[in-house]
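The values are calculated or read from the model by the stated rules, or taken from the named source; none is laboratory data. The model shown is predicted, which means the values in this text are computed figures rather than measured ones. Cβ sites come from the backbone with ideal geometry, for glycine too, and all protein chains shown count toward neighbours.
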Amino acid sequence: MKNREGFFHLHMISDATGETLIAVARAAAAQYTEIRALEHVHSMVRTTAQLDRVIAALEEHPGIVLYTLVDGGLGERLDEACRRIGIPCASVLEPVLQMLQAYLGAPGARRMGAQHILDAEYFRRIDALNFTMIHDDGQLAGSLEEADVVLVGVSRTSKTPTSVYLANRGVKVANVPVVPGIALPRELEGLKGPLVVGLTASADRIAHLRENRVLSLNAADHASAYVDRAAIAAEIAFARKLCIRHGWPIIDVTRRSIEETAAAIIAFRDERARQALAQ
């Protein structure tokens with residue numbers, strides 16, 4: 001390995017927000033666990049003057065350069081600068097654009113930030129996010145039927161972050177906590193439209209997360225049932241039986257990331273849609 005310092009500079013240059021580029025770059029850099037990427041995000045780079053400021057930053061902190069610049073002239077200028085500095089440089093979009101052009105037989109429009117256009121899809125995501133935020137943690141149970149997905153589970157099973165992630169994909173999500181001694185909303189068991197999914201995890205994982213939660217809140221009662229493993233195991237068992245009784249699919253999030261959990265939920269939803277079409 002060339003780099004002996006334990007880190008490298010990773011420059012991400014975009015003519016838009018850079019979200020797509022950041023996601024790709026982090027996915028790749030994550031494969032190298034023994035060396036850390038020092039990220040430099042240069043967004044909204046659309047003029048020569050802006051690009052020249054970025055090039056100055058490359059000269060100060062040379063490293064790997066990844067970019068999404070739709071303007072071919074800016075891309076060529078950046079490629080030339082990187083050759084002069086002696087650092088690797090790659091366009092993340094160009095190979096994909098070339099493949100699409102070859103297959104479709106026509107060049108793309110090459111619009112900057114095209115994925116962020118304020119179209120119907122954009123407003124669908126905003127609507128989904130608004131719905132999800134006001135239906136967090138069992139709120140507004142009377143309108144659960146309007147959800148695309150309803151998540152149920154005991155505390156600390158990642159219901160809220162999973163809900164928000166799905167909302168950013170345009171899915172309207174409500175989440176309902178399963179709390180000992182508190183009745184579930186009566187609307188939950190009669191839902192017809194939404195996909196209801198149970199989230200669960202191991203008692204050890206939930207206890208660990210709850211203990212950290214208690215510490216962060218400076219709560220004194222560390223011996224409460226909230227962090228007691230036996231009580232947590234009983235909660236998990238109750239929630240699992242609830243899901244089994246209603247035929248709701250269950251996802252164990254113990255070793256899953258939020259993204260993996262969301263992908264599993266979308267897969268359940270797609271399968272449900274296919275089954276409905278087949279009937």
Flag for VAL196 being farther than 30 Å from ALA27 by Cβ and in contact (Cβ under 8 Å) with a residue 12 or more places away in the chain = yes
In region 119-160, what count of residues is obtained for those that are assigned to a loop (DSSP other than H, G, I, E, B), of a type in the set (S, T, N, Q) and under 19 Å from the mean Cα position of the chain (by Cα)?
-> 2
Applying the selection to region 155-175, what residues are surrounded by fewer than 23 Cβ atoms within 10 Å (Cβ to Cβ) and either under 16 Å from GLY142 (Cβ atoms) or touching a Pro at 6+ places or on another chain (Cβ under 7 Å) (or both)?
-> SER155, LYS172
How do the strands (runs of 3 or more DSSP E) wholly within region 166-272 filter down when requiring 1 or more residues that are among the small types (Gly, Ala, Ser): which remain?
-> 173-177, 195-200
Close pairs (9 angstrom Cβ cut-off, 6 or more residues apart or separate chains): in the same structural domain as PRO180 (by TED's automatic domain parsing) and buried (at least 16 other Cβ atoms within 10 Å of the Cβ) in region 239-262, of a type in the set (Phe, Trp, Tyr) and part of a loop (DSSP other than H, G, I, E, B) anywhere = LEU242/TRP248
Spot the failing condition for SER143; the list is (1) modelled with pLDDT of 95 or more; (2) surrounded by fewer than 14 Cβ atoms within 10 Å (Cβ to Cβ); (3) farther than 28 Å from ALA262 by Cβ, and only one is missed.
-> (3)
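Within region 38-74, take every residue that is among the small types (Gly, Ala, Ser) and closer than 15 Å to ILE87 by Cα and give me the one that is nearest to the chain's Cα centre (by Cα). Break it down into steps so the answer makes sense when it comes.
Filtering region 38-74 down to residues among the small types (Gly, Ala, Ser) leaves 43, 49, 56-57, 63, 72-73.
Going one step further and asking which of them are closer than 15 Å to ILE87 by Cα, we end up with 56-57, 63.
On the way: ALA56: 33, ALA57: 30, GLY63: 27 Å.
My answer is GLY63.
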Please go through region 10-67 and pick out each residue that is assigned to a helix (DSSP H, G or I), closer than 18 Å to ALA90 by Cβ and among the polar types (S, T, N, Q).
-> THR20
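Answer yes if at least one residue in region 190-199 is more than 21 Å from ASP270 (Cα to Cα) and modelled with pLDDT under 95, and no otherwise.
So far as region 190-199 goes, yes, one or more of its residues are more than 21 Å from ASP270 (Cα to Cα) and modelled with pLDDT under 95.
Considering each of TYR226, TYR165 in turn, give the residue that is more than 27 Å from the chain's Cα centre (by Cα) and hydroxyl-bearing (Ser, Thr, Tyr).
When all the criteria are applied, what remains is TYR226.
Residues checked against (1) of a type outside the set (Ser, Thr, Tyr); (2) within 14 Å of GLY198 (Cα to Cα):
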residue	(1), (2)
SER143	no, no
VAL150	yes, yes
GLY153	yes, yes
THR160	no, yes
SER163	no, yes
LYS172	yes, no
VAL178	yes, yes
